[in-house]
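Inspection log for the structure reproduced underneath, given as structure tokens.
The values are calculated or read from the model by the stated rules, or taken from the named source; none is laboratory data. Since this is a predicted model, take the numbers as computed values, not measurements. As a convention, Cβ positions derive from the backbone with ideal geometry for all residues, glycine included, and neighbour counts pool all protein chains shown. In case anyone asks, the SASA skips ligands and DNA or RNA and just uses the protein heavy atoms, side chains included. Shrake-Rupley method; radii C 1.70, N 1.55, O 1.52, S 1.80 Å.
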Amino acid sequence: ETAPQTYIAAIKINPDLESDVQRAVTEHFTNINTISVREILNSIAKLMSKIAAAVQTIAGVTVLAGGLVLASSIASGQHRRKHEAVLFKVLGARPRDVLTSLIWEYGSLTIFISGFSTILGSVAGWAIITQLMGASWTPNFEIILMTAILSGILIIFGSVIGTWGILKQKPATFLRND
């Protein structure tokens, strides 16, 4: 019974009374230490919110980088698209027909890429969250759908804008300069 011993106790009190109770206990019992778990939990919550912000920033940069890669891929094929548009015009296609084919082509591409990336990203997110971190995972279908729709609109809009100028020119001008 002469060996050093430690006792731990916890109390739950109104946050307004916490400092008064701590002061009273430590003044009456000088060998008692008080630790505010509320402050520790608040610090952990602040840290977790900073980590969440960092993860969201990294995700945003990743999406932006993916968009840039996709845009550069589209830009590299743009010259070929212009050449095809001119050939279609020479063969008698109206500008509206060429634009319709571009919209169908890029729309199909967008649906395929969106579906593939949604499945791949969801499986990776599920695996990391549930298997690695041991937390529950719920996909946010609103954000997934909105991202797919907005990226599709941007891709189609970019392809139409990139080809629009060539559709207004005479085919011979483009073929001579090419």
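So here's what we get for this one:
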| quantity | calculated |
| --- | --- |
| Lone unmet requirement of (1) open to solvent by 40 Å² or more (accessible area, probe 1.4 Å); (2) of a type outside the set (Asp, Glu); (3) over 21 Å from the mean Cα position of the chain (by Cα); (4) over 23 Å from Arg176 (Cα atoms) for Ala65 | (3) |
| Residue within segment 19-31 that is farther than 30 Å from Thr147 by Cβ, free of Cβ contacts under 8 Å to residues at least 12 places away in the same chain and under 42 Å from the mean Cα position of the chain (by Cα) present | no |
| Tally, over segment 19-37, of residues that are part of a helix (DSSP H, G or I) and open to solvent by 70 Å² or more (accessible area, probe 1.4 Å) | 5 |
| Residues of segment 68-93 satisfying the condition of being surrounded by fewer than 10 Cβ atoms within 10 Å (Cβ to Cβ) and either among the acidic types (Asp, Glu) or more than 18 Å from Leu109 (Cβ to Cβ) (or both) | Leu91, Gly92 |
| Scan of segment 118-143 for residues that are in a loop (DSSP other than H, G, I, E, B) and either within 14 Å of the chain's Cα centre (by Cα) or not aromatic (Phe, Trp, Tyr) (or both), ordered by number | Met133, Gly134, Ala135, Ser136, Thr138, Pro139, Asn140 |
| Residue match in segment 38-46 (condition: within 42 Å of the chain's Cα centre (by Cα), among the small types (Gly, Ala, Ser) and in a helix (DSSP H, G or I)) | yes |
| Pair list, Cβ < 9 Å and 6+ apart or interchain, from segment 148-172 residues that are within 16 Å of Gln78 (Cα to Cα) to residues that are outside any helix (DSSP H, G or I) | none |
| Filter result (out of contact with any Ser or Thr (no Cβ under 7 Å at 6 or more places or on another chain), part of a helix (DSSP H, G or I) and of a type outside the set (D, E, K, R)) within segment 77-96 | Gly77, Gln78, His79, His83, Val86, Leu87, Phe88, Val90, Pro95 |
| Every residue from segment 11-38 that is modelled with pLDDT of 85 or more and among the small types (Gly, Ala, Ser) | Ser19, Ala24 |
| Selected residue [surrounded by 10 or more Cβ atoms within 10 Å (Cβ to Cβ) and at pLDDT below 80] from Ile111, Ile128, Ile153, Ile166 | Ile166 |
